[in-house]
Amino acid sequence: MYRKLLLYLYDYNNLIMDTIADLILKINRLSKEEQVKVYNHLNGLLDEPSTGEHSIYKVRKDLHESQPICCPHCGNDQWIRFGNYRGMQRYRCKSCNKVFTALTGTSAHWIHSKKKWEIYLDCMLQGLTLHQCAKRAGISYKTSFDWRHKMLRSLKHIGCSKLTGVIEADETFFLSSRQGKKAWGRKPRKRGGTTEYGTSKRLCVLTAIDRNKNLRMQVTGIGNPSSKHIEKTMGSWVLKQKNKRKRSILCTDGNNSYMALIKRKNLLHQRIPGYDRKWTRPKLYHLQHVNNIHSKLKEWMRMFHGVSDKYFNNYLTYFRMLELISKYQDQLTTYKEFTLTKNSVFIPIRWFDNYFKNQQYSIQ
């Protein structure tokens with residue numbers, strides 16, 4: 001019996017050696033480009049630890065352990081440890097009895113190929129289109145779309161500080177696009193065409209920025225914003241100051257729709273009409289920062305060749321995060337940490353259509 005086992009192991013080792021020799025021979029016959037692909041694939045396998053723990057797990061684990069652990073399903077902070085999964089601690093909520101890990105509810109939730117997810121993060125930092133991101137990461141176009149909006153939804157409330165001090169606010173307009181909606185009440189617009197209604201049928205984006213470079217952007221709706229639109233959109237951005245000496249100063253153009261917000265938040269107002277040639281005096285009060293943001297935004301949006309209205313807020317988040325990350329040295333690591341900060345942003349794929357339909361109806 002022992003001799004048969006030795007003979008079996010000897011034959012098995014010879015078979016493995018023959019297989020490896022055949023594999024090396026086949027690799028040598030490949031072209032240089034195909035050999036590079038094999039090399040990159042093997043390097044990716046060797047980079048993975050034996051426990052299956054990826055760098056994404058490590059980043060999220062550090063963020064998770066530095067904060068109070070709560071259930072991402074119900075928000076309860078009563079839990080028990082419930083084993084391990086690929087080197088990560090699992091928990092079970094005492095309230096809803098659901099099992100979760102540090103990654104549950106994040107933008108990386110249910111993404112199996114974490115290496116492709118990191119490649120996709122780098123593509124988004126470069127501002128590539130959906131087709132380009134899909135080609136580089138080796139995923140389908142539909143997956144590329146889903147991953148992008150998962151990440152952008154996870155960044156929605158990152159870096160959203162309250163605006164204080166001298167605040168500049170202004171609105172800009174984009175051509176409205178209802179891609180994917182057949183019945184809308186107008187004829188299709190040719191590519192590169194313009195609307196004949198001026199700003200009354202365009203998508204309005206309200207932008208506000210203070211001297212600390214805190215930036216807030218959001219779609220208010222179609223056409224010029226009313227007082228209700230500005231109060232609803234900008235009301236949560238500015239704190240109400242009761243002390244008259246510490247009141248924030250809001251700089252706007254000649255639009256009277258900001259007056260209701262100014263009275264409700266007890267702000268000082270500096271009106272800077274565009275026709276005034278002395279509008280830079282005093283130099284402290286101007287709209288140069290917000291106009292610079294609008295110029296960058298329009299130039300950046302041009303490469304996407306039109307974004308549907310229901311996705312426009314997500315792309316504003318995309319632009320705002322690129323502006324925020326630009327001052328960091330290691331942008332990829334910072335971007336990865338930001339996308340993994342929130343654990344209550346995951347939307348199942350089957351809910352995507354209804355989520356963005358409701359988002360579109362809210363801006364009409």
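Assorted remarks:
- Given their separation in residues at 0.36 nm each and the Cα-Cα distance between them, residue 28 and residue 284 gain 85.4 nm when the chain is fully extended.
- Going from the fewest other Cβ atoms within 10 Å to the most, the residues 245, 320 appear in the order 245, 320.
- Listed residue pairs exceeding 28 Å between alpha carbons, taken from 232/296; 201/336; 213/242; 114/232; 296/336: 201/336; 114/232
- Sequence-ordered 3J(HN,Hα) estimates for the stretch 152-166 from the Karplus curve with 6.51, -1.76 and 1.60 and θ = phi - 60° stand at 5, 5, 6, 9, 4, 10, 7, x, 9, 7, 5, 8, 9, x, 8 Hz, glycine and proline given as x.
- Distance between the modelled labels on residue 264 and residue 96, one decimal in nanometres: 3.2 nm (7 Å Cα→Cβ projection).
- Under Karplus coefficients 6.51, -1.76 and 1.60, residue-wise ³J(HN,Hα) of the stretch 246-258 in Hz, glycine/proline x: 10, 6, 6, 10, 9, 9, 9, 8, x, 6, 7, 5, 7
- Applying 1/(1 + (r/R0)^6) with R0 = 30 Å to the Cβ-Cβ distance of residue 201 and residue 119 gives a FRET efficiency near 0.15.
Quick note: the coordinates plus some simple rules give every number you see, no bench work behind them. Because the structure is a prediction, the values reported are computed rather than measured. Methodologically, a virtual Cβ is constructed for each residue, glycine included, from the backbone with ideal geometry; neighbour enumeration extends over all protein chains shown.
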